[in-house]
Protein chains: 4
Amino acid sequence: MLRVAICGGSGYTGCELLRLLSNHPGVTVTAVTSEKSAGKSISDLFPYLYRYSNLIYEQLKVNDILDRADLFFMALPHGRSQEAVDFLFKHGEKVIDLSADYRLRDVRIYEEWYKVPHKFQTTLKKAVYGLPELYRKKIAKANLIANPGCYPTGAILGLYPATKNKLIAVDSIVIDSKSGTSGAGRKSDIKFSYCEVNEGFKAYAVASHRHTPEIEQELSVIAGKDIKINFTPHLAPFDRGILTTIYARLTKNISMEKIIDVYKKSYSNEPFVQVLDDGGSPNVKNVRGTNMCEVGLTINMRTDTLIIVTAIDNLMKGASGQAVHNMNIMMGFDEKTALDTIAMFP
Amino acid sequence: MLRVAICGGSGYTGCELLRLLSNHPGVTVTAVTSEKSAGKSISDLFPYLYRYSNLIYEQLKVNDILDRADLFFMALPHGRSQEAVDFLFKHGEKVIDLSADYRLRDVRIYEEWYKVPHKFQTTLKKAVYGLPELYRKKIAKANLIANPGCYPTGAILGLYPATKNKLIAVDSIVIDSKSGTSGAGRKSDIKFSYCEVNEGFKAYAVASHRHTPEIEQELSVIAGKDIKINFTPHLAPFDRGILTTIYARLTKNISMEKIIDVYKKSYSNEPFVQVLDDGGSPNVKNVRGTNMCEVGLTINMRTDTLIIVTAIDNLMKGASGQAVHNMNIMMGFDEKTALDTIAMFP
Amino acid sequence: MLRVAICGGSGYTGCELLRLLSNHPGVTVTAVTSEKSAGKSISDLFPYLYRYSNLIYEQLKVNDILDRADLFFMALPHGRSQEAVDFLFKHGEKVIDLSADYRLRDVRIYEEWYKVPHKFQTTLKKAVYGLPELYRKKIAKANLIANPGCYPTGAILGLYPATKNKLIAVDSIVIDSKSGTSGAGRKSDIKFSYCEVNEGFKAYAVASHRHTPEIEQELSVIAGKDIKINFTPHLAPFDRGILTTIYARLTKNISMEKIIDVYKKSYSNEPFVQVLDDGGSPNVKNVRGTNMCEVGLTINMRTDTLIIVTAIDNLMKGASGQAVHNMNIMMGFDEKTALDTIAMFP
Amino acid sequence: MLRVAICGGSGYTGCELLRLLSNHPGVTVTAVTSEKSAGKSISDLFPYLYRYSNLIYEQLKVNDILDRADLFFMALPHGRSQEAVDFLFKHGEKVIDLSADYRLRDVRIYEEWYKVPHKFQTTLKKAVYGLPELYRKKIAKANLIANPGCYPTGAILGLYPATKNKLIAVDSIVIDSKSGTSGAGRKSDIKFSYCEVNEGFKAYAVASHRHTPEIEQELSVIAGKDIKINFTPHLAPFDRGILTTIYARLTKNISMEKIIDVYKKSYSNEPFVQVLDDGGSPNVKNVRGTNMCEVGLTINMRTDTLIIVTAIDNLMKGASGQAVHNMNIMMGFDEKTALDTIAMFP
């Protein structure tokens, strides 16, 4: 039985980890931390997690939990994760960090976008970007996983086959994402109160969202050259899901049939990417509660543009589901363990 | 008292016209048609329109209503509007057509996208595209207004100042729109049933939506050359509103301050366009129930791209509100009559 | 021009007052207070209220605003309103208090349910309960109006004709109310964040909600004897509206026709109560943005029970709309001024 | 491997059965019928059910599927289920009928409320009402299960301990239920279109809903005497869930502690009923996607009334989840197989 700790277990990604791990036959959760809720049981705070009535939130003291778990999910805020991750990693623990702290390989870019210094650059170099479709082999051997951001997951999976096969002009990429409100996290903030979000729709952080350099980093690796993108996130009135609509100019004449074939081949062995047939329409409702990424493809022949639409559940493939997938790969479990579910529809 | 008839008065745009006209001091509604609901009173069908308890839906027989109204709002389905509009127009009536039948000046483009022949090309030539911000003077003298589509309204108003002032490369335009579900009309269709739409989000008619040529037509006029665009509509889980996010490469170095200034000057006399200050974020919730178009501007300096966001209420500025605005201009009413309202928030 | 001040103008009821008064030809808003937002303009805080760009929120100092307005809307929290109301009232001003501080005539009941002492009992005795359907004549002469609570408005209007005409056993009343989330006010509270409320539904304050004694007070006056009720409010995932379902045993055999007739007669001169015909179904969506109360009636012949359903907009008839109605009555305006609108549907 | 067929597999309850059974290690789905979608594969119609790409909807011909399954879930409309159920039952098959056709033991009551004759009264007598908390032992031996209605499940589980222990006056029961829109089924009907339901809330079938006699039947059995109830269902703007608020006069003085104890003891061995502690608040969001029924209890000491609130997922405990629970009991599987999940929150 793999003993697992969750640091930062009272937010939506922490709760989602608890939900998923309760169905994982090879795992037992031995510790959960929460600064705000230390001393309370999980089921006191979240009655629907009644199975965890014996597990008490504790203060995050990495030294105290070091010996109580074999693998650590870190669901702390950006900046706050750095030190704890470094400590656990240096003590030989396996760590999956859901924060952004170990995602950007270039420390200057991290510091520019996140406005905090990175104090653990040696550890940073050991981190593997935890997108299994790109880095499965490295993940299998890694001790430190930087779990991808929600927006980057949908964007990179949408662009990977076209970029790798040089089908698109990489200086023309526009990424327009629409996220459910759980992406903002579980917090008291009037901006995310029901009456402000409901029946509303808006863009935010236009041309300035912190996931921009993360997307650019991975696309640049795939393309083998530096890429700058346009990325606009939007806040949408639903709980879960990110729909990402991507535009890029085609570099050559290519048929729909051929492009779908390229995508299907790229993802033929992937359990969590589903390339739809021509006419298929990704919908966040189709992937709700699952670790699946739906990919839809259209060519605009009037403008020679490829339009890619992806749908993921931001708390699953965009966070906790992908984290469990990474754990499964690291620990030698079947990749689909605890993730092999059908969407709850409606 | 201007006598007004509404042909096609049992859909959402027809009902919205009834709501607006009930507050118009210079107008009386004398006839309303509906094929499905002929014989019923308006308030039988829509209890909340209790003020119209004496008005009975009738079959559309243009000859019968010809003398009973001075101005006709036509809210019929595309293709079905052509003949009735032609008949009324030829009999010297003033007509505001909310369908797409008289919007596209090039009949071949109409027939290509709408898959029906246009039988009234002489009348088509007399139609004025009813976007007051572009055609106010022509509207004032017109007898036949082609009321703009909902998506084109938000897209064109967002692009007009930048295109006219040659600030953007017009071959690089991406228009990504998100519409509330009322845009689909009032109908029995499982695709628009509550449980399919709620908690979902998807693109539809990717690269093939009929509003594409309408947007291209007006942008081409503004730019003085042929423009092709990428346009993707999305179906969103809220009742009203369209948020449109537009991307275009800048043709020159320009500051945010300067570009906001260009936009504010372009719309300085417009009662229904509100250009937000730097950092302002258009939201469909801010314009709900109003005829206002919010415009927000951002420059992505890393990619030399202008990002424009517009928010309208699809049933108001995107349909019935704009139709009443056109009527006010045509008939010499104060432009804001019956439209001078503040958004209902929340 | 009546000069009006709003004390507590940055919550949902304050904003709704601003929306309504912008359409009132006889009123000008001269001062607005907000402790949190003092110094900001209204349109800084709420871009959609762009018409109020010249009005600056100020700290509440009653002495400062005493001479700047002729009538004061008090939208302060319960307990906090007492002193300011007393001060203004004693200085001869007209006051409409939207808090609960002057609603309960028995000071012991107030103190028991609101857990604060009432320090202004002399002023309390002068307050008139501002439900126009019951107290129109007193309101016309009053200087201090205690504007009714949202739940009591829907409950009392539903029960008034049956209670007055002794059609029901007043010891058997069950009132089950469902409120939109705007009823909780505009605040940062995780309980009212989007992801907690959306797709959820729950009862709260079961058998202990503070509106209970307010409903009992008014029903007891109507019945001429002490009444205790069961009242359960519920939090519902929509912005606006309260649907109240009321159950009471019939005291006599009576037909649907007759009971509808009793209700229609009771409210025959009321501009803001609409008694539906047999089979009619009140819906919060039918009254959204309006000051209307829809009333539907059903007799369960198998249990000799009258079931009354009412629908109101909690921010309108349940708060700010009713406050403006009271102002219209007090100041001799036509009662429907600024309130004569049709619901925004959908 | 138990071979299972689903008759009526293209509605929400049919899809929910497919979702649940995909996680059941002891079951394989061998046939699915749908009149409207015969010939299509399940995943053609529902892309999110991609695992069922090899299963083709077929016309319902009971003779054809008789030998292809060992147990039949019948998710046909009321009235349409009668004959097929009778045929399968008489051929010795195990049948779980999700329609209402075999729920009411008194055929006259069935015919009065459902307006169709019951032609299979001999078979009707063999049916067991499939509420495991009341009839577990009978279910284990039964060949024909009448799966309870969604509203009756929440109402009966809420009232069972109080009724059985004679704590309440059974002639005073008021049951006020609020259902998510999936309860209306998957169909094209303007009443259930997004823009009509969203931001709305209404009662329907007041004092006339067909689940009334079903609730009365079971409560009468528990009480040992004839009971008539008041039952009002409401249509709520969320996908899944029923919250039921129940009022009944207490027959004796009893403390909260004691009454909670009675309830906890009644359900101490039940895997799918969770009695909350004092102050706990059932919420449909807490049970979404699960087979759990949350029960909350409050005493109104001012009116000597017990107020019981229950929350279920109408598609799970209210339909397909309970059907799978019944199957598990009938076939000797562990009761929680395929149902042992945590709610998806948010």
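Quick look at the values:
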| quantity | calculated |
| --- | --- |
| C-alpha long axis of helix A:256-266 to longest principal axis of chain A, angle in ° | 30 |
| Sequence-separation-based contact order of chain A, relative, with Cα cut under 8 Å and 6+ spacing, percent | 17 |
| Nearest-first distances (nm) between copies at C:Pro25, label 7 Å from Cα via Cβ | 0.4, 7.8, 7.8 |
| Whole-Å distance, taken between Cα centres, linking the range C:308-346 and the range C:194-271 | 18 |
| Cβ-placed point charges (K, R +1; D, E -1), dipole of the range B:151-312 about Cα centre in debye, nearest 20 | 120 |
| Rounded Å value of the spacing that divides the Cα centres of the range C:60-101 and the range B:46-72 | 48 |
| Label 7 Å beyond Cα on the Cβ vector: B:Ala38 copy-to-copy distances, nm | 3.7, 6.7, 7.6 |
| Computed Kirkwood radius, in angstrom, where 1/r is averaged over Cα pairs of the range C:151-312 | 16.3 |
| In nm, spacing of pseudo-spin labels at B:Lys225 and A:Asp189 (7 Å Cα→C-beta vector) | 4.4 |
| For the range A:82-89, 3J(HN,Hα) per residue [Karplus equation, 6.51 cos²θ - 1.76 cosθ + 1.60, θ = phi - 60°, Hz, x = Gly/Pro] | 2, 5, 4, 4, 4, 4, 5, 4 |
| The range C:110-149: C-alpha gyration tensor shape, a/c 1.5 cut-off, then a/b vs b/c | oblate |
| Local electrostatic count, A:Gly224, Cβ distance below 13 Å [Lys/Arg +1, Asp/Glu -1] | +1 |
| Amide H contacts of A:Val273 (H built 1.01 Å from N, under 5 Å, at least 5 apart or other chain) | A:Cys293 |
| Cα gyration tensor, the protein assembly as shown - rounded (a/c under 1.5), prolate or oblate | rounded |
| Built amide H within the under 5 Å cut-off of A:Arg210, gap 5+ | none |
| For chain D: rounded, prolate or oblate by the Cα gyration tensor [a/c cutoff 1.5] | prolate |
| Using a 7 Å Cα-to-Cβ projection, C:Ser268 label spacings across copies, nm, ascending | 6.0, 6.4, 8.3 |
| Mean separation of Cα contacts under 8 Å, 6 or more apart, over the residue count of the range D:41-92: relative contact order % | 24 |
| Charge context of C:Asn143, other residues only, Cβ under 14 angstrom, K/R +1, D/E -1 | +2 |
| Amide H partners (placed H, <5 Å) of A:Glu58, local residues excluded | A:Val32, A:Thr33, A:Ser34, A:Gly39 |
| Whole-number percent relative contact order across the range C:151-312, with pairs defined as alpha carbons under 8 Å at least 6 apart | 30 |
| Violating pairs (Cα-Cα greater than 29 angstrom) within the set A:Lys138/A:Lys164; A:Lys258/B:Lys228; B:Lys126/B:Lys187 | B:Lys126/B:Lys187 |
| For D:Val275, net neighbour charge (Lys/Arg +1, Asp/Glu -1) across residues whose Cβ lies under 11 Å away | -3 |
| Packing-based ranking, highest mean first, of B:159-171, B:112-124, A:70-82 given that Cβ atoms within 10 Å are counted | A:70-82, B:159-171, B:112-124 |
| Angle in degrees between helix D:12-21 and the longest Cα principal axis of chain D, rounded to the nearest 10 | 80 |
| ³J(HN,Hα), Karplus 6.51/-1.76/1.60, whole Hz, each residue of the range D:323-330, x for Gly, Pro | 5, 5, 4, 4, 4, 4, 5, 4 |
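Taken together, the values in this text are just the output of simple stated rules run on the coordinates, not laboratory data. Keep in mind that what you see is a predicted model, and the values were worked out from it rather than measured. Virtual Cβ from ideal backbone geometry, glycine too; neighbours counted across all protein chains shown.
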